[in-house]
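Participant: Got a structure for you, written out below as structure tokens; questions coming shortly.
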Amino acid sequence: MARESLLKLSEMTWTEVEALDRSRSVAILPLGAVEAHGPHLPLSTDGIIAGAMAGEAARRLAVRGWTTLRLPAIDYSAAPFAAGFPGTVSLRPETTTALIEDIGSTVAGWGVPVLAIANAHLDPAHLGAVRQAVATLRDSGSIRIAFPVLSSGSLAPRLGEEFRSGACHAGRFEGSVVLAERPQLVRSEVSRTLEPNPSSLSAAIREGRRTFAEAGGPQAYFGDPAAASSAEGAATVSELGAILEEAVLAEIEAAPDGDHQRTTA
């Protein structure tokens, strides 16, 4: 794998971006949030997971011959479910939509054919805001958008039983990824003492609940934090990267003839 095929926009100069064959590039935008993740995981948990997903997808796409341009993450978003917990920063949904639309339009202006969104924040307000931005960008016809929604029926089973159950905020699923990526940020002495919380966030959302507290998470966690492991986290990151890679390849293959020259390994 050529080192030049794995790039971080924030570390480049404008002349280096200008020199890229941008028609054979995929831009990857990680989306996270700053919100409560129990008493044991950092407020940046979603951003850590999104960054890991983006990095793994970038490596996979680079093997296939695509230049991957990793954009700086959006670390703030709409997070009303956690807004009652100190430390949570919640934007208006329209702010999130505008940010993504502006970034996507800018990237399209560079001649990059695909924007991949690595999203790890599943608050309904956030997902609605991202979907609105994706729809607008797709309607513009200027860029193809890969946006796999992890909580969808086809993808959730790939991420483990806890994730599929909906009891997966700051539990085994998220805790494992943070242990694999940023173990120094996990308060392990706290997570070991936390009892499993089987309350399903997805069920609570369907029932009209609007906050973690209403959904049965008075400490802002759902699932089994004590069961998290770095080994499971590494496996989860691999699967997250595969999911985003597949979404990108689907967009490339759906492009008009001539726009997807480098799709084979």
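Values quoted throughout were computed directly from the atomic coordinates according to the rules given, and no laboratory measurement underlies them. Keep in mind that this is a model prediction, so the values were computed, not measured. Here the Cβ positions follow ideal geometry from the backbone for every residue, glycine too, while neighbour counts run over all protein chains shown.
Participant: Show the residues, 5+ positions off or on another chain, whose built amide H is closer than 5 Å to the amide H of Asn197.
Facilitator: Long-range HN contacts for Asn197: Gly223, Asp224.
Participant: Let me ask another. What angle do you read, to the nearest 10 degrees and between 0 and 90, between the alpha-carbon axis of helix 45-63 and the longest principal axis of the chain?
Facilitator: Once rounded, one gets 30 degrees.
Participant: Further question: Would you mind computing, in nm to one decimal, how far apart the modelled labels at Glu195 and Ala213 are, each placed 7 Å from Cα along Cα→Cβ?
Facilitator: 2.0 nm
Participant: With a 10 Å radius around each residue's Cβ, average the other Cβ atoms per peptide and rank 129-140, 41-52, 76-87, 148-159, highest first.
Facilitator: Ranked by mean Cβ neighbours within 10 Å, highest first: 41-52, 76-87, 129-140, 148-159.
Participant: If I take all pairs of Cα atoms in the chain, what percentage of them are more than 31 Å from each other?
Facilitator: Tail fraction, whole percent: 24.
Participant: Still on this structure, I have one more. Is the shape of region 151-265 rounded, prolate or oblate, going by the alpha carbon gyration tensor and its root eigenvalues a ≥ b ≥ c, with a/c under 1.5 for rounded and a/b larger than b/c for prolate?
Facilitator: It is oblate, given that a/c is not under 1.5 and a/b is not larger than b/c.
Participant: Roughly how many whole Å is it from the C-alpha centroid of region 124-189 to that of region 8-39?
Facilitator: Cα centres, region 124-189 to region 8-39: 18 Å.
Participant: Right, next: As I understand it, the value is the acute angle between the Cα axis of helix 230-254 and the longest principal axis of the Cα atoms of the chain; what does it come to in degrees, rounded to 10?
Facilitator: 40 degrees
Participant: Set the Förster radius R0 to 35 Å, insert the Cβ-Cβ distance between Ser152 and Thr15 as r into 1/(1 + (r/R0)^6), and round the FRET efficiency to 0.05.
Facilitator: 0.30
Participant: Quick check for you: which residues of region 77-110 have the amide N under 18 Å from the point 7 Å beyond the Cα of Ala203 toward its beta carbon?
Facilitator: Residues passing the 18 Å test: none.
Participant: May I pose another question? How high is the relative contact order of region 15-99, in percent, counting Cα pairs under 8 Å that sit 6 or more residues apart?
Facilitator: Reported relative contact order: 34 percent.
Participant: If one takes the longest principal axis of the Cα atoms in the chain, at what angle in degrees, from 0 to 90 and to the nearest 10, does the Cα axis of helix 172-181 lie?
Facilitator: Between helix and principal axis, roughly 50 degrees.
Participant: So, one more: Once you sort the root eigenvalues of the Cα gyration tensor of region 2-130 as a ≥ b ≥ c, which label holds: rounded (a/c under 1.5), prolate (a/b larger than b/c) or oblate (the other case)?
Facilitator: The shape class here is prolate.
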